[in-house]
1. May I ask you to verify whether Ile71 is buried (at least 17 other Cβ atoms within 10 Å of the Cβ), free of Cβ contacts under 8 Å to residues at least 40 places away in the same chain and farther than 26 Å from Ile30 by Cα?
2. Criterion first (within 16 Å of the ligand (Cβ to nearest atom), over 15 Å from Ile145 (Cβ atoms) and of a type in the set (S, T, N, Q)) does Ser72 satisfy it?
3. Among the strands (runs of 3 or more DSSP E) contained in the range 90-150, which hold 3 or more residues that are away from the ligand (no atom under 16 Å from the Cβ)?
4. Just to check your reading of the model, which residue among Ser72, Ser60 is at pLDDT below 95 and more than 30 Å from Gly128 (Cβ to Cβ)?
5. Taking the range 115-136 only, how many residues are on the phi < 0 side of the Ramachandran plot and surrounded by fewer than 15 Cβ atoms within 10 Å (Cβ to Cβ)?
6. Looking only at the range 55-69, how many residues end up being more than 16 Å from the ligand (Cβ to nearest atom) and in a loop (DSSP other than H, G, I, E, B)?
7. Scan the range 110-130 and report the pairs whose first residue is touching a residue at least 40 places away in the same chain (Cβ under 8 Å) and closer than 12 Å to Ser94 by Cβ and whose second residue is of a type in the set (A, V, I, L, M, F, W, C) and in a loop (DSSP other than H, G, I, E, B), with Cβ atoms within less than 6 Å and a gap of 6+ or a chain change.
8. Please specify each residue of the range 134-147 satisfying the condition of being in contact (Cβ under 8 Å) with a residue 24 or more places away in the chain and farther than 21 Å from Pro87 by Cβ.
Amino acid sequence: MKIRLRSVVRVLQILLLAIACQTAVADELIGILTVEVSGLKDATGNVYIAVYDSDSTWLSDTTVLSKKVAISEALDGELVRTELQLPLGEYALSVFYDKDNDGELDTNFVGMPKEPIALSNNAVAKFGPPKYADAVFTLGAEPIIQRISMKEL
Ligand SMILES: [Ca+2]
């Protein structure tokens with residue numbers, strides 16, 4: 001009886017240790033990405049930040065994370081600043097300013113954006129749609145800042 005109790009305690013200790021380790025590992029694997037958007041002319045409305053982690057989903061509706069940021073709440077001087085927490089890894093961002101406040105990026109009849117849009121690394125479209133490879137960056141354990149300048153169309 002004595003031995004059994006001791007082994008139960010031992011198992012519990014191991015379980016608790018395992019849980020503690022897992023939590024520690026999970027904490028370490030989250031990185032902090034600050035996004036600073038400049039060049040917005042209006043201090044009203046929202047910007048939308050879409051986070052992608054692969055070339056195959058780039059600029060599609062399949063995002064890792066999609067965040068609506070109220071400009072008036074996120075304004076710091078001339079910058080709109082927001083913080084994202086993501087598992088460590090490689091990402092690319094697209095940001096658009098929802099000028100008409102309908103929650104969507106408006107495009108024209110050939111699919112070109114009609115609202116201001118910008119990408120991480122300030123990647124631009126050259127001969128066709130902007131490339132994931134130009135916008136991708138690595139989020140490691142150290143917090144990073146992506147400074148994105150918005151061009152009003
Ligand atoms: Ca819109």
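The values are calculated or read from the model by the stated rules, or taken from the named source; none is laboratory data. Everything numeric here is computed off the predicted structure, so don't read it as measured data. FYI the Cβ positions are ideal-geometry reconstructions off the backbone, even for glycines, and counts take in every protein chain you see.
1. So Ile71 does not fit the description; no.
2. no
3. Ranges flagged: 137-139, 144-149.
4. Only one candidate passes the filter, namely Ser72.
5. Final tally of qualifying residues: 5.
6. Residues flagged as more than 16 Å from the ligand (Cβ to nearest atom) and in a loop (DSSP other than H, G, I, E, B) within the range 55-69 amount to 8.
7. Once the first residue is touching a residue at least 40 places away in the same chain (Cβ under 8 Å) and closer than 12 Å to Ser94 by Cβ and sits in the range 110-130, its partners that are of a type in the set (A, V, I, L, M, F, W, C) and in a loop (DSSP other than H, G, I, E, B) give Pro113/Leu105; Pro116/Met150; Pro116/Leu153; Ala118/Met150; Pro130/Ala123.
8. Arg147
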